[in-house]
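Inspection log for the structure reproduced underneath, given as structure tokens.
What follows is calculated from the coordinates using simple rules that are stated; it is not laboratory data. As the structure is a prediction and not an experimental result, all values here were calculated from the model. Using ideal geometry, Cβ is built from the backbone for each residue, glycine included, and neighbour counts are taken over all protein chains shown.
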Amino acid sequence: MRTAADDFLSMATAYFEDAEHFYETGDLINAFACVNYSHGWLDAGARLGLFDVDEDDQLFTLYE
């Protein structure tokens with residue numbers, strides 16, 4: 001599962017870095033889209049149990 005967690009975190013980080021780039025160039029729509037994709041990777045990882053999010057069901061969609 002460590003490999004999967006590392007992959008999910010890598011994807012989230014890449015999208016976040018893309019969001020920063022788009023924000024800096026004034027492309028706010030793509031920046032917002034990338035932030036949402038980044039959170040989607042983190043959310044999916046939390047739901048699968050790859051990340052410990054302390055049962056934060058406000059920020060993440062957790063599996064019951």
Between residues in segment 21-44 that are in contact (Cβ under 8 Å) with a residue 12 or more places away in the chain and residues that are loosely packed, with under 15 Cβ neighbours inside 10 Å and β-branched (Val, Ile, Thr), which pairs lie under 7 Å by C-beta distance while being six or more apart or on different chains?
Asp43/Thr61
What do you reckon, is Asp56 of a type in the set (D, E, K, R), free of Cβ contacts under 8 Å to residues at least 60 places away in the same chain and in a loop (DSSP other than H, G, I, E, B)?
yes
